[in-house]
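Report on one structure; see the data block that follows.
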Amino acid sequence: MRPLDQPPVLSIVVPSYHRGSALVQAVASLADQLQSGLERKVEIIITDNDSEPDTVAAIRALADRYACVSFIRHARDEGGFFQFFAAPWRARGRWTWVFGSDDLLLAGGVAHIVETLEREQPGFMALNKRVYNADLSQELTPSFNSIPDKRFDTFEELMFAIGIQPAFISGNIELTEAARAFDPQPYLTIDTRHPHLAAFLEKHHGAPAFYCSAPFLVHRVDNSSLGEYHMGNFFDFAVTFPPLLGAVVRKIGAPPDFFERMTGEKRVSSYTPTGLTFVDSIFENLMRAFSGGRYITPSQRYALELALAGCRPNRLNQLSELWSLELELIALERKADEAKGHLEQARQACVQASQMFTRPTG
């Protein structure tokens, strides 16, 4: 960790794990912008989960190349979300920005973001993004959302407006002091891919938030090393994440219809609600999970019922219909498996019979 003459405005923390070349691109896209005074306002900290020697060498080379880059290496793999929740405790800036090691920031982005933070003084800031394919050879979306900059009195209002978009880790900047003022330990033991999204609500509820529409941030799609990435996300957003978010809603005393107030739109084109809510998104993702052969258990169904208890009266009936659909699908799959077994037995019988006709006589 390099010594600093003064606390920076922004600490950009880049978690790393076996992503040498992508990490170099990500950090260079940030560090190359720290000029004309920004080098005193922004620090970059790479935190590495005991990567292989090539990635370690790349990290050391980045620190040698850029005076703004510090790094921390863990003696073992601590997991990605340990990195996320530990970031504010490593940061020395007023705001902390956890930046994915496979994302990029276009030129001018750091200056724009720092200026916005200093002007708006938000407790939390969400960023728009543009989308590229995995190897950055094709821009897929020049601006993910088409809504303008907006200041919100509370984080809850921001979440109503953009839904689950803060699930994209690189798209969020939080006040360091607020991020430190809660216990992250429970979130490290929860079986969900998006504990940070519920944690944002616990940490920043009631605090002013800001949506920054300028799409300097570049997100690469289909670049995850996780197997069944999309199917796992469908299941998580339908089954394992909603009960966690519901528990936080109850903990902070938010309205019981919180899920119905959140937009269910994937890409937001207006701040005027469309009528599609997070509950609709839950059911859509549940059906997508069914299509991939992922089903919920009775205990998970109960947890969803609890999470939806404050929503519109027909929501529990809709969930019951989906549960019936699941049971039907499971029964059909069982019959299909039995039929496949009978078919294989018949094939083997045919093989044995054919061998009798081709067997040489003595």
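A few comments on the model shown:
- Restricting the stretch 41-72 to residues that are assigned to a loop (DSSP other than H, G, I, E, B) and hydrophobic (A, V, I, L, M, F, W, C), the residue that is surrounded by the fewest Cβ atoms within 10 Å (Cβ to Cβ): Ala67
- Comparison of Met125, Met159 shows that the only residue that is farther than 27 Å from Tyr17 by Cα and assigned by TED's automatic domain parsing to the domain that holds Pro195 is Met159.
- With respect to the conditions (1) in the same structural domain as Cys311 (by TED's automatic domain parsing); (2) within 30 Å of Val27 (Cα to Cα), Phe241 falls short on a single one, namely (2).
- Some residue of the stretch 144-153 being surrounded by 22 or more Cβ atoms within 10 Å (Cβ to Cβ) and within 19 Å of Leu10 (Cβ to Cβ): no
- Verdict on Leu188 being part of a helix (DSSP H, G or I), in contact (Cβ under 8 Å) with a residue 12 or more places away in the chain and surrounded by fewer than 22 Cβ atoms within 10 Å (Cβ to Cβ): yes
- Residues that are more than 10 Å from Phe210 (Cα to Cα), assigned to a strand (DSSP E or B) and not hydrophobic (A, V, I, L, M, F, W, C) within the stretch 128-153 comprise Asn128, Lys129, Arg130, Tyr132, Glu139, Thr141, listed in sequence order.
- Residue under evaluation Glu156, criteria (1) assigned to a helix (DSSP H, G or I); (2) farther than 21 Å from Leu38 by Cβ; (3) in contact with a strand residue (DSSP E or B) (Cβ under 7 Å, 6 or more places away or on another chain), criterion not met: (3)
- Exactly one residue out of Phe182, Phe85, Phe81 is in a loop (DSSP other than H, G, I, E, B), touching a helix residue (DSSP H, G or I) at 6+ places or on another chain (Cβ under 8 Å) and in the same structural domain as Ile44 (by TED's automatic domain parsing): that is Phe182.
- Odd one out for Thr47, checked against (1) hydroxyl-bearing (Ser, Thr, Tyr); (2) touching a Phe, Trp or Tyr at 6+ places or on another chain (Cβ under 6 Å); (3) within 21 Å of Trp95 (Cα to Cα): (2)
- Some residue of the stretch 335-345 being surrounded by 10 or more Cβ atoms within 10 Å (Cβ to Cβ), among the small types (Gly, Ala, Ser), modelled with pLDDT under 90 and in the same structural domain as Gln300 (by TED's automatic domain parsing): no
- Meets criteria (of a type in the set (S, T, N, Q), more than 21 Å from the chain's Cα centre (by Cα) and either within 13 Å of Ser170 (Cα to Cα) or assigned by TED's automatic domain parsing to the domain that holds Ala22 (or both)) for Ser101: no
- The stretch 1-40, residues that are exposed (fewer than 15 other Cβ atoms within 10 Å of the Cβ) and closer than 17 Å to Arg73 by Cβ: Met1, Arg2
- Residue ID - farthest from the chain's Cα centre (by Cα), chosen from residues in the stretch 311-362 that are among the hydroxyl-bearing types (Ser, Thr, Tyr) and farther than 28 Å from Met287 by Cβ: Thr361
- Within the stretch 258-270, the residues that satisfy the criterion of being surrounded by 15 or more Cβ atoms within 10 Å (Cβ to Cβ) and either more than 20 Å from the chain's Cα centre (by Cα) or not charged (D, E, K, R) (or both) are Phe258, Phe259, Glu260, Arg261, Met262, Thr263, Gly264, Val268.
The values are calculated or read from the model by the stated rules, or taken from the named source; none is laboratory data. Here the structure is a predicted model, which means the values were calculated and not measured. Ideal geometry is used to build each Cβ from the backbone, glycine not excepted, and the neighbour counts take in all protein chains shown.
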